[in-house]
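What follows is a short report on a single structure.
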Amino acid sequence: KDCHVILAGFFGGSVTVFSVIFRLVNCLLVQTSFVPDEYWQSLEISHGMILLPRVAQALLAALADVKLYHLVRRSEGPDVAKWTFFCQLCSWFTWYCCTRTLTNSMETTLTVLALYYYPLCTDNTHNSSWKYLSLVSWAVVVRPTALVVWLPLLFHHLWRAENKLKLITHQGLPVAAAALVSSALIDCIFYGKWIFVQWNFLKFNIFHNVGKFYGTHPWHWYLTQGFVAVIGPHLPVFLHGCSLTSTRHRVLLITIIWTLLVYSFLAHKEFRFIYPVLPFCMIFCGMSLAQLRAWRSCAACALLVLNLAAAFYTGLVHQRGVLDLMAHLQHLCDITDPPSPPEPEVLFLMPCHSTPFYSHLHCPVRLRFLECPPDLTGKQDYVDEAALFYADPLRWLGSSYPNTSMLPTHVVLFDPLEKEISAFLDGNKFVKEAELFHTHLPEGRVGRKIFVYKQ
C-alpha cells in the first residue's frame with residue numbers, strides 16, 4: 001500500500017516540470033568519472049564553461065524523457081506511457097550517463113527526439129518526415145554510429161512509404177545534405193581549414209580499427225555482459241514486454257537486436273556504445289508493467305529500489321577519486337604572481353587520460369601525464385609512452401628526470417604502483433600529501449586509492 005502511494009505521487013503534477021527538476025538533480029548527484037571521453041573530447045576543449053555543458057545536457061535529457069512519454073501515450077495510451085516514463089527515470093544507466101558530456105549521451109537524446117516524430121504507428125509515412133530526418137541527421141553528425149541504430153527504422157519507413165522516390169529526393173537527401181554542409185562549415189570555422197570529421201571518424205574507428213588499441217572483448221560480450229549490465233534490473237520486465245509486443249513495435253525490437261549484433265562485430269566494446277537503444281527497451285518495460293496488474297506494485301518497487309542503489313553507488317562512490325583529486329590540486333592555482341620557486345608541476349603516473357586536466361583546474365599549472373596515442377603509422381614495433389613506463393617504471397623515471405632540478409613538485413599515482421617506485425619517491429624526498437578513495441572495484445593498473453606525493 002505504501003509503495004502504491006509513493007508511485008501515485010511520482011506521477012502527480014506536470015511531466016515536463018518533474019522531468020526538468022529530476023534531471024537537474026541527476027546532474028548534481030553524478031559526481032564520479034566514467035570514461036576519459038567525457039572530458040577529453042569536450043570539456044578539455046572548452047574548460048572555461050565546466051558546469052554549463054552538463055546542465056545543457058541535463059535539460060536535453062529531460063526533453064527526451066518528456067517526448068518518450070508523449071510518444072508512448074500517443075501509441076499505447078496513458079497507462080503504458082506512465083510506466084514507460086517511470087522505467088526511463090529509474091533506469092540506473094540512464095541516470096549514470098544522460099547528463100554526462102559524452103557524444104553517446106547527445107546521440108541518445110537526439111535519437112529519442114527523432115523517434116517522437118518518426119511515423120511509428122501512423123499511416124502518414126511522408127508528411128513532416130523532415131522533422132525526424134533532421135534529428136537523425138544531426139545525431140549522425142554528432143556521432144556517425146547513430147546510423148547503425150537508425151538503419152532498420154529508415155528502411156522500415158521507406159518500405160511503408162507510398163512514394164519512395166519522393167521521400168528520398170524531396171526529404172531524405174536534402175535534409176542529410178543540409179546537416180553535413182552545416183557541420184562542415186562549423187568545423188571549417190573552428191579548425192581554420194576544410195575538414196570532414198565524419199569521414200575521419202569512420203576512417204579512424206572502422207577502417208583503421210584504431211579502437212582495438214584501447215582494448216578488445218569477445219564477440220558475444222554485448223549479448224552476455226554489456227546489455228545485461230546496461231539494462232540492469234529491468235531485464236525481466238523487458239523480456240516480458242518483448243513477448244507482448246505488437247506489430248507496430250516489432251521494428252523497435254528488431255532495431256535493438258540489430259544494434260547489438262552490429263556492435264558485436266567491433267573488437268573494441270564499451271557499455272556506452274549501446275546506450276542509444278536503452279530508451280527503446282524502456283517502452284517494452286512499460287508495456288510489461290502495464291500488463292502485470294497484480295504484481296505491478298511489487299515489480300515497480302523492486303525496480304525503484306534496485307536501480308536507486310546502483311545509480312547512487314555509481315554516481316556518488318564508484319570511480320570518484322580522480323575528480324576528488326582535481327579538487328585537491330585546486331590549491332596549486334593559488335600561487336603568487338610571479339610564482340615563487342619552485343613553480344608547481346604535477347606528474348600523473350597513471351593510465352593515460354585517467355583524470356581530467358584543465359577542465360577542472362582552470363589555471364596554467366604545468367601538468368604531465370603518460371601519453372598513449374594510437375599507432376597511425378602501421379609500425380609493428382610501436383610502443384606508447386604509458387606502456388614504456390609500466391614495463392620498467394624506475395628506468396623510465398630515471399631517463400625522464402636525470403637530475404633533481406627537473407623533478408616535478410607533485411607525483412600522482414594509484415596505490416598498486418607505490419611499491420614499484422618507492423625508491424624514486426624516497427630517494428628524491430617525496431612525502432605523501434594526500435590519500436583519496438577511488439573505487440571498491442580496482443582493475444588492472446587502477447587501484448582502490450590515489451596517492452599524492454609532494455617534494
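The values are calculated or read from the model by the stated rules, or taken from the named source; none is laboratory data. Computed from a prediction, not measured in an experiment: that's the story for all the values here. Counting neighbours? That spans all protein chains shown, and the Cβs are built from the backbone with ideal geometry, glycine included. Surface accessibility is based on the protein's heavy atoms, side chains included, excluding ligands, DNA and RNA. Shrake-Rupley method; radii C 1.70, N 1.55, O 1.52, S 1.80 Å.
Pairing residues of the stretch 318-345 that are open to solvent by 30 Å² or more (accessible area, probe 1.4 Å) with residues that are outside any helix (DSSP H, G or I) and at pLDDT below 80, at Cβ distances under 8 Å and at least 6 apart in sequence or on separate chains, gives E343/I335.
Filtering the stretch 378-409 to residues that are of a type in the set (A, V, I, L, M) and over 22 Å from L329 (Cβ atoms) leaves V383, A387, L388, A391, L394.
Taking the criterion of being open to solvent by 70 Å² or more (accessible area, probe 1.4 Å) and either touching a residue at least 12 places away in the same chain (Cβ under 8 Å) or aliphatic (A, V, I, L, M) (or both), the residues of the stretch 185-205 that qualify are L185, I186, I189, F196. Of all the listed residues (T404, T439, T409, T355), the sole one being surrounded by 15 or more Cβ atoms within 10 Å (Cβ to Cβ), more than 32 Å from the chain's Cα centre (by Cα) and of a type in the set (V, I, T) is T409. Every condition in (1) part of a helix (DSSP H, G or I); (2) among the hydrophobic types (A, V, I, L, M, F, W, C); (3) surrounded by fewer than 16 Cβ atoms within 10 Å (Cβ to Cβ) holds for W219 except the one numbered (1). Taken together, the criteria exclude D384 from residues that are of a type in the set (D, E, K, R) and loosely packed, with under 12 Cβ neighbours inside 10 Å.
Here is a check on your reading of the model: is W258 open to solvent by 50 Å² or more (accessible area, probe 1.4 Å) and modelled with pLDDT under 95? Criteria not met by W258.
Considering the stretch 188-203, and only residues there that are assigned to a helix (DSSP H, G or I) and modelled with pLDDT of 90 or more, the residue that is nearest to L376 (Cα to Cα) turns out to be C188.
Remark: pairs (first residue in the stretch 296-308, surrounded by 15 or more Cβ atoms within 10 Å (Cβ to Cβ); second residue at pLDDT below 95 and not hydrophobic (A, V, I, L, M, F, W, C); Cβ separation under 6 Å; 6+ apart in sequence or on different chains) = S297/H4.
What number of residues in the stretch 327-359 are among the β-branched types (V, I, T) and modelled with pLDDT of 90 or more? Residues that pass the stated criteria total 2. Considering the stretch 1-90, the qualifying helices (runs of 4 or more DSSP H), each wholly inside and each with 3 or more residues that are at pLDDT 95 or above, run over 15-28, 51-76, 78-90. In the set R100, R54, R74, only one residue is of a type in the set (K, R) and open to solvent by less than 20 Å² (accessible area, probe 1.4 Å); that residue is R100. For the stretch 338-424, the strands (runs of 3 or more DSSP E) that sit wholly inside it and include 3 or more residues that are not basic (K, R) are 345-349, 410-414. The selection criterion, being closer than 27 Å to E443 by Cα and in contact with a helix residue (DSSP H, G or I) (Cβ under 8 Å, 6 or more places away or on another chain), does not hold for P373. Restricting L68, L102 to residues that are under 20 Å from T355 (Cβ atoms) and among the aliphatic types (A, V, I, L, M) narrows the list to L102. Restricting the stretch 110-124 to residues that are open to solvent by 10 Å² or more (accessible area, probe 1.4 Å) and outside any loop (DSSP other than H, G, I, E, B), the residue that is nearest to W159 (Cα to Cα) is Y117.
Taken together, S288, S264 contain a single residue that is within 23 Å of F34 (Cα to Cα), modelled with pLDDT of 90 or more and of a type in the set (G, A, S), which is S264. Residues of the stretch 238-255 that are under 20 Å from P276 (Cβ atoms) and open to solvent by less than 80 Å² (accessible area, probe 1.4 Å): F238, G241, C242, T245, H249, V251, L252, L253, T255.
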